[in-house]
1. What ranking do A:231, A:183 get, fewest neighbouring Cβ atoms within 10 angstrom at the top?
2. Working from the alpha-carbon coordinates of the stretch A:193-305, get Rg over Rh, Rh being the Kirkwood radius.
3. Per DSSP helix of 4 or more residues, -39500 (n - 2.57); summed, then divided by the residues of the protein assembly as shown. What does that give at 222 nm, rounded to the nearest 500?
4. Average partner chain C-beta neighbours within 10 Å, per residue of B:315-328?
5. Quick one: B:50, B:223, fewest Cβ neighbours within 10 Å first, how do they rank?
6. If one puts a single equal scatterer on every Cα of the stretch B:198-246 and applies the Debye formula without solvent, what log₁₀ I(q)/I(0) results at q = 0.31, 0.32 Å⁻¹?
7. Need one value for A:156-165: mean number of C-beta atoms belonging to other chains within 10 Å of its residues' C-beta atoms.
8. Just to check I understand the Karplus step: with θ = phi - 60° and J = 6.51 cos²θ - 1.76 cosθ + 1.60, what whole-Hz values come out for the stretch A:155-165, glycine and proline as x?
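Read-outs throughout are calculated quantities, based only on the coordinates presented, and are distinct from any laboratory measurement. Source: prediction; values computed, not measured. FYI the Cβ positions are ideal-geometry reconstructions off the backbone, even for glycines, and counts take in every protein chain you see.
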Amino acid sequence: QPSSREPTIRAHNSTKQAEMFAATALARTAARRAATATPARLGALRAMSSETATFDLTGSFEMYKLDTAPENSIEMSKEELMQHFEMMYTMRRMEITCDNEYKAKNIRGFCHLYDGQEAVATGINAAFDPADDWITSYRCHCIALLRGGTVKEIVGELFGLTCGMSQAKGGSMHFYNKAGHFWGGAGIVGAQVPLGTGLAFANKYNAKPGEPMNVAIACYGDGAANQGQIWESANMASLWKLPMIFCIENNQYGMGTSIDRHSSHSDYYKMGNHIPGIRIDGMNVLAVKKGMEFVREFTSTGNGPMYVEMMTYRYHGHSMSDPGTTYRNREEIAFTRSTRDPLEFVKKTMIDAGFSTAEELKDIEKRIRKEVQKEVMAAKEFPKPSLDSLFTHVYAADVETKGNQEYPDHIRMPDFSKSFWKSA
Amino acid sequence: GDGGPSTLTSWSSIPEPNYDDDYKNKTKMNLFTAINSAMQTALETDPSTIVFGEDVGFGGVFRCSTGLRDQFGQDRVFNTPLSETGIAGFAIGYAAQGGTAVAEIQFADYIFPALDQIMNEMAKFRYRSGNQWHCGGVTVRTPCGAVGHGGHYHSQSPEAYLAHTPGLVVVIPRGPRTAKGLLLSSIRSKDPVIFMEPKALYRAAVEDVPDDDYMIPLGKAEIMCSGTDCTVVGWGGQLRVLEKACDMALAEHGISCELIDLRTILPWDVDCVLGSVAKTGKLVVSHEAPITCGFGAEVVATVQEHSFLSLEAPIQRVCGYDTPFPLVFEKYYIPDELKNLDAIKRIVDYAK
């Protein structure tokens, strides 16, 4: 039975269990918080964008092997909260659009959607420096958007058109953005973590002595958490006190297997053994930001790595080939949508703080819907990439030759002069 | 040949099944049903058999293990966490104690973390213990090959890496009927077997498969159709493509091709290929994996070594290009029937 000190957010295949879900402290707190969010200061001039409010975050964090903790409240301006809302709503619309385009067969292959988890990415980015390095799994569309991507580039990549972020060479699982310090986008589960540890090492190596370091974060799922390479990376990060964040996006399921059936131990924030950890309510973007500010402060100042567990949920199945209902029931999904949806939470928070009204938010939603649609239509105007891009960028040498089709000898090209299929 | 390499195991002495005379009861099965049937037979006939891997409990992502858990129980058919190295090592340990372990690696692209266990432990187990122990009870099943939209990490064919490891047996069926027989031989083999299943054929290939228990010899190739002008060698899903190319060669150019399915990649049936090349004097080898150091290179090197004077034309390899398996350009990348027909025609003309 979950104790009151250690709420376990578990989702099981029954309505009764789904109700237990809500009975955990974090969920209760989230609901209470949403219902009673009162601003510490409420200026009479509600229209001013510089107004801020303080929001209660009690119950959003659980600590492991740490004496300190993030503060139980966060001050945020209307402007910033609105920014987060707009970003999260754009993510939601983009993912839903991907769903529709996939079903229309405009997107083919693999497609892993992030809707339900928007607050995690948005909150992390809000706490981060643009030069902090971020690497994640194949569920990467929304993080790509945060780190310098546009809807057109992302959707274009999924369509396989030249406007795509990876020039259509990667597809859904392989978005990268050098300027945005976004390292992808990984197809092999867990492979991003040792890589991320290397990024952290480089950050430490390159930092000036005495100055805070840029951090590196590797996001991975509960299913990946038991990969051997992650334990190896954790040891290295801890041994060398790297500015590394191991971030488990715990959405309760590793593809179709629930956490209690694939993990003998599902307190993922404790998996670092002696490495400190924090569990954060991942459906609350304010809590995520506050928690990640704390984590960033810890890891960037030479204290070594930290494990972060984000309690979150995905509405879609593992990928577009998974309906998502064979291993969990629709009541659970609907229940989560109605009680813990990150977008609804932010909207309610803004309305209760007097930052906005329901009508204004509806208008913003309408506007964003149109913008996303426009981006998708704009992406569709682009052509498919030319055939030579099959052979480019295998090695450094061919990058340097500018379009003269000189490839290293060992990359065999079809020699059509010797073909019998050329008309005489 | 001139007393060429003899690398065949005792499993090569299993007779070829006579499908028409000995196996009257047949059912139309696709690849995943045939594999399911083989695993069911294995579980029935050998009580120490266990089947495990990611998501095999509910039937597996390709439905190969459907119904097995219900029939044989959770003790024998169970899911593992997402840990390929763990899966491979675990299989070796169980087999070393005398059990039969049928492990699944969900996609061949994910086999790489397990390669240390496979190459360093599994392959050398008998050798390093001076025959005190072996892990012949291990069979690692894994879906491989292009599927139309797999991209970098769901389309690879890693047979070349595995074939470079003495001590392993690498088997790849071309369809449902060969799959069931080869999988049963593989599971019962006293050597560890990596059984690669062409994923594009799971639903697409349908054949009449005997209902009974039957086995196909390992280490032996099959001549799918006899011919006189050119030998064409392939394995797995590529044979569908090669069949088309051979048909086109005959219909459009009157070229009679002898098509050989290797069936077992390691150890491969050298004598069969050499015998065919002695007859035709020409050889085309085709595989999806990139051309450099693909398994085709091994076939070509061995053939030229033993049949140099029989050859009338340079041997052709029609393979994938030396790039990571592409996403959007898959159709251009794969060695399709036109590229193969081109190669066949080219060497037949050369030899004239």
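1. Numbers: A:231 14, A:183 23.
By the 10 Å Cβ count, ascending: A:231, A:183.
2. Details: Rg = 14.2 Å, Rh = 14.5 Å.
That ratio is 0.98, to two decimals.
3. Working: 26 runs with 287 residues, N = 776.
The helix-only estimate for the protein assembly as shown comes to -11000 deg cm²/dmol at 222 nm.
4. Details: counts 0, 0, 1, 0, 1, 1, 8, 10, 10, 4, 0, 6, 14, 16.
What the average comes to for B:315-328 is 5.
5. Values: B:50 22, B:223 15.
The order, fewest Cβ neighbours first, is B:223, B:50.
6. Summing over Cα pairs of the stretch B:198-246 leads to -1.25, -1.25.
7. Neighbouring Cβ atoms belonging to other protein chains average 1 per residue here.
8. Coupling constants for the stretch A:155-165: 5, x, 5, 5, 6, x, 10, 5, 6, x, 4 Hz.
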